[in-house]
Amino acid sequence: NSVWVSTDHDEIEKVAKQFGAQVHRRSPEVSQDSSTSLEAITEFLNHHHEVDIVGNIQATSPCLHPSDLIKVADLIQKEGFDSVFSVVRRHQFRWSEVKKGENKMTEPQNLNPAKRYRRQDWPGELYENGSFYFAKRHLIEKGYLQGGKMAYYEMRAEHSVDIDIDIDWPIAEQRVLSFGYFGKEPLKEVKLLVCSIDGCLTNGRIYVTEDQKEMVSYDYRDLVGIDLLKKRGIQVRLISERDCSKTLSAMQLGCIAKVSATNKLQVLEDWQKDMGLNWKEVAYLGNEESDVDCLKKAGMSGVPADACAVAQKAAGYICKSNGGCGAVREFAEHIFLLLEKVNSARKQ
């Protein structure tokens, strides 16, 4: 009936409302590092007596699809369950832990080593994946998210992504591109990448010689990235607020460029219209405040790791590489992952 974001953060509230969610301002008492989801949900219910059922979606599980949530809501509303939670099937053999200094052997937990079968022939076991927990009010008021007449909902393995530690993040990014939910509109293949020259293709530094000639440095990996994009049929165009035509001529990139651009968004819109592209077919790599409007408009947006704070907030992807140090190549790889997603969707 309603979608809420529980937060104590102004910026999160702003983004939540921008995407149509209602906001519950979380109190300091349940906003600590040690606070639990149950505490936050209980506080929410104390302020919203009209709510009878809560579906708690975990932000650390980014591959959740609406179709799953609709089916789970039906389990509670139409089939009378008090609580439903998400699980995933794992095919992993478990052994008992032997702590250091203990004089004993490990024991099999879910297999017989004498009759060991292939894991693909074994039905596996169900594990909570932390994606969501649905429960009725009376259970939550007793201090439970699981209880009463319980049911689990088995999610597909490719949708079961849980971010717990840093190493999970890059894995989740690839999973989202391959299996994530991108809305009802069909995915579009990127056909144009527009890259800001200063601070993206270069590191933003300008070296001046004694005879007042300017020099900039660039990373060969970025040139390889541009070449790979072209080979995939993606046009690459460059943009800069300053007149760097001599630098571009020396680099011999073979890309259309617009220098001395006082309004980058206007240039981007002109290119998009001239090429007859949907905004989802346009990617943009920028790093300064002047790039923010372009980053918000493009279907796919990215910034180098050393981009300014406002540009990072506007971008969909933050590279691990700095500008002029491989960021263009890295963003190109990110685009290739999306293309794989598009091709996969077409095959399905």
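The values are calculated or read from the model by the stated rules, or taken from the named source; none is laboratory data. Keep in mind the model is a prediction, meaning the values are calculated, not measured. Neighbour counts run over all protein chains shown; Cβ positions are idealised from the backbone, glycine included. Accessible surface is based on the protein model in full, side chains and every heavy atom, while ligands, DNA and RNA are left aside. Shrake-Rupley method; radii C 1.70, N 1.55, O 1.52, S 1.80 Å.
Do we find that Tyr153 is in contact with a Phe, Trp or Tyr (Cβ under 9 Å, 6 or more places away or on another chain), not in a helix (DSSP H, G or I) and not hydrophobic (A, V, I, L, M, F, W, C) in this structure?
The answer is yes for Tyr153.
Spot the failing condition for Tyr127; the list is (1) surrounded by fewer than 16 Cβ atoms within 10 Å (Cβ to Cβ); (2) part of a loop (DSSP other than H, G, I, E, B); (3) in contact with a Lys or Arg (Cβ under 7 Å, 6 or more places away or on another chain), and only one is missed.
Status for Tyr127: all satisfied but (2).
Looking at the range 237-254 only, could you name the residues that are more than 9 Å from Ile197 (Cβ to Cβ) and among the small types (Gly, Ala, Ser)?
Ser245, Ser249, Ala250, Gly254
Would you mind finding the one in Met251, Met275 that is closer than 19 Å to Gly204 by Cα and assigned by the TED database to the domain that holds Gly199?
Matching residue, one of Met251, Met275: Met251.
Surrounded by fewer than 10 Cβ atoms within 10 Å (Cβ to Cβ) and over 20 Å from the mean Cα position of the chain (by Cα) - does that describe any residue in the range 2-11?
Yes, the range 2-11 contains a residue that is surrounded by fewer than 10 Cβ atoms within 10 Å (Cβ to Cβ) and over 20 Å from the mean Cα position of the chain (by Cα).
Might you check whether a residue that is in contact with a Phe, Trp or Tyr (Cβ under 6 Å, 6 or more places away or on another chain) and surrounded by fewer than 16 Cβ atoms within 10 Å (Cβ to Cβ) occurs anywhere in the range 192-203?
Scanning the range 192-203 turns up no residue that is in contact with a Phe, Trp or Tyr (Cβ under 6 Å, 6 or more places away or on another chain) and surrounded by fewer than 16 Cβ atoms within 10 Å (Cβ to Cβ).
When you scan the range 336-346, do you find a residue that is of a type outside the set (D, E, K, R), at pLDDT 90 or above and open to solvent by 40 Å² or more (accessible area, probe 1.4 Å), even just one?
no
Among (1) over 27 Å from Arg119 (Cβ atoms); (2) open to solvent by less than 50 Å² (accessible area, probe 1.4 Å); (3) out of contact with any Leu (no Cβ under 8 Å at 6 or more places or on another chain); (4) not basic (Lys, Arg), which single condition is Val84 missing?
All conditions pass for Val84, except number (3).
How many residues are open to solvent by 50 Å² or more (accessible area, probe 1.4 Å) and out of contact with any strand residue (DSSP E or B) (no Cβ under 6 Å at 6 or more places or on another chain) when one looks only at the range 159-169?
Residues flagged as open to solvent by 50 Å² or more (accessible area, probe 1.4 Å) and out of contact with any strand residue (DSSP E or B) (no Cβ under 6 Å at 6 or more places or on another chain) within the range 159-169 amount to 5.
Within the range 172-203, how many residues are over 16 Å from the mean Cα position of the chain (by Cα) and either modelled with pLDDT under 80 or of a type in the set (Asp, Glu) (or both)?
Looking only at that region, the number is 6.
Quick one: which helices (runs of 4 or more DSSP H) sit completely within the range 220-298 and have at least 3 residues that are under 25 Å from the mean Cα position of the chain (by Cα) and free of Cβ contacts under 8 Å to residues at least 40 places away in the same chain?
Result: 292-297.
Those residues that are closer than 18 Å to Gln58 by Cβ, surrounded by fewer than 16 Cβ atoms within 10 Å (Cβ to Cβ) and among the hydroxyl-bearing types (Ser, Thr, Tyr), I need them from the range 13-34; list them, please.
Ser34
Consider Trp95 carefully, then state whether it is in contact with a strand residue (DSSP E or B) (Cβ under 7 Å, 6 or more places away or on another chain), of a type in the set (Phe, Trp, Tyr) and surrounded by 11 or more Cβ atoms within 10 Å (Cβ to Cβ).
Considered against the rule, which asks whether it is in contact with a strand residue (DSSP E or B) (Cβ under 7 Å, 6 or more places away or on another chain), of a type in the set (Phe, Trp, Tyr) and surrounded by 11 or more Cβ atoms within 10 Å (Cβ to Cβ), Trp95 comes out as yes.
Among the numbered criteria (1) at pLDDT 95 or above; (2) touching a Gly at 6+ places or on another chain (Cβ under 6 Å), which one does Glu43 miss?
So Glu43 meets the others, but not (2).
Output the number of the condition that Gly316 fails; it satisfies all remaining conditions of (1) surrounded by 14 or more Cβ atoms within 10 Å (Cβ to Cβ); (2) more than 24 Å from the chain's Cα centre (by Cα); (3) free of Cβ contacts under 8 Å to residues at least 24 places away in the same chain.
Single failed check for Gly316: (2).
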